[in-house]
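Data block below; observations after.
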Amino acid sequence: MIFVFNTYLTNYSEENLITMKKVMKAIAAIMLMTAVVFTAGCTKPKSSSGSYNGHDYVDLGLPSGTLWATCNVGANTPEDYGDYFAWGETTPKDHYDWSTYQYCMGSQNTLTKYCNNSNYGYNGFTDNLTTLLPEDDAATANWGSGWRMPTKEEWQELLNNTTVTWTTQNGVSGRLFTASNGNSLFLPAAGTHGAPGFNNLHYVGISADYWSRSIHSNQIDAWGHYFSSDYCHVDHDNRKYGHSVRAVCSDNGGNNGGLDNGTLKGTTWQLDNPHDEGFANYGDYRVIYTVAFGQDNDVTFTRQISCEEINYYQKPVMTGTYAYSNGSGVAMIHNEGETTDYRITFIVLGDDMLQWNYNLREIILFKQ
């Protein structure tokens with residue numbers, strides 16, 4: 001809006017001056033209203049939606065309802081790099097290597113926790129754990145119950161549902177994740193500790209590695225998120241390295257969707273998977289996974305399979321007991337007619353989602 005004024009007055013009468021003052025007031029009012037309209041129409045994306053246990057989070061409107069912390073663990077602002085953790089460790093340190101890694105005896109093939117392959121376990125050790133327990137989760141240990149490290153799937157969900165750009169925020173390089181609801185999340189390029197060929201912090205301002213809580217099938221790696229100015233994707237890296245941690249919580253500020261051990265009882269969770277990768281050799285296939293929690297801490301796990309070569313087949317029902325607290329649980333189950341128990345870990349991701357860690361896989365089931 002442009003205003004042109006003719007300030008050359010040939011008659012400085014009192015009437016002219018009064019008229020001029022009225023016109024100027026009217027124009028000022030119009031300009032003020034215009035400024036308000038334009039300001040309201042150019043709202044800045046929000047980087048914080050609330051706080052839990054003293055730490056801010058942002059709601060990106062993700063399908064799972066996952067809320068992302070606005071700062072790294074150990075940081076005070078979104079641009080701060082924060083602390084660096086080896087996977088499964090909860091305190092930072094000076095040197096990141098297999099010789100200092102908490103869950104091995106000095107080398108990658110002497111693992112003492114989170115190992116599902118006896119070739120990598122110390123003296124053949126295995127425990128069938130595929131997801132960090134709360135006591136080994138750097139987010140939970142440092143920020144308290146309700147906060148945790150994201151899963152591999154949650155990192156992918158973040159990438160799939162935001163627009164990602166390389167940017168500089170307050171002088172710090174990193175990636176900005178902007179959601180369709182206008183909210184945004186900034187991750188600084190914090191570098192990594194113990195990168196190949198380096199024993200100290202390296203690649204700061206160039207790239208970053210952020211851990212997930214999910215182990216890789218090769219046992220010596222864990223999943224996470226890697227980015228630079230050129231790349232941005234879910235990736236995996238050696239557990240011994242020191243990476244950043246960005247915490248998440250659920251839409252009610254906790255990581256268990258509000259379900260405690262009592263309300264978990266009597267619930268049933270299911271995944272009807274028409275393309276289960278574990279049965280790809282059978283042609284067209286369909287697998288239905290069902291987990292049912294009883295009233296007395298008992299649990300039942302069933303797998304129904306339908307394939308071209310197998311018209312219908314149900315694997316032996318697995319039954320046993322479970323323990324659950326603060327969003328994570330452990331089930332000890334066995335096949336019918338057998339006595340050997342299998343240790344299954346699980347995580348309640350929200351009111352309607354359950355991650356069941358079975359046979360080196362993270363199966364996401366939905367509440368029925």
So which of 82, 146 ends up being in a loop (DSSP other than H, G, I, E, B), within 16 Å of the chain's Cα centre (by Cα), on the phi > 0 side of the Ramachandran plot and surrounded by 19 or more Cβ atoms within 10 Å (Cβ to Cβ)? 146
Can you go through 166, 155, 211 and tell me which one is surrounded by fewer than 19 Cβ atoms within 10 Å (Cβ to Cβ), in the same structural domain as residue 77 (by TED's automatic domain parsing) and not in a loop (DSSP other than H, G, I, E, B)? 166
Six or more apart or on different chains, Cβ atoms under 8 Å: show the pairs whose first residue is in segment 89-106 and farther than 16 Å from residue 137 by Cβ and whose second is part of a strand (DSSP E or B). 93/242; 96/193; 96/242; 98/104; 104/111
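Does residue 181 satisfy the condition of being out of contact with any Ser or Thr (no Cβ under 8 Å at 6 or more places or on another chain) and either in the same structural domain as residue 332 (by TED's automatic domain parsing) or without any contact (Cβ under 8 Å) to a residue 60 or more places away in the chain (or both)?
Spelling it out, it is not the case that residue 181 is out of contact with any Ser or Thr (no Cβ under 8 Å at 6 or more places or on another chain) and either in the same structural domain as residue 332 (by TED's automatic domain parsing) or without any contact (Cβ under 8 Å) to a residue 60 or more places away in the chain (or both).
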Name the single residue that is surrounded by the fewest Cβ atoms within 10 Å (Cβ to Cβ) among those in segment 99-115 being closer than 14 Å to residue 222 by Cα and touching a strand residue (DSSP E or B) at 6+ places or on another chain (Cβ under 8 Å). 108
Hey, among the residues in segment 26-58 that are in a loop (DSSP other than H, G, I, E, B) and farther than 29 Å from residue 92 by Cβ, which one's modelled with the highest pLDDT? 46
Look at segment 169-208 and say how many of its residues are surrounded by fewer than 17 Cβ atoms within 10 Å (Cβ to Cβ) and part of a loop (DSSP other than H, G, I, E, B). 14
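The values are calculated or read from the model by the stated rules, or taken from the named source; none is laboratory data. Just so we're clear, the structure is a prediction, and the values are computed from it rather than from any experiment. Virtual Cβ from ideal backbone geometry, glycine too; neighbours counted across all protein chains shown.
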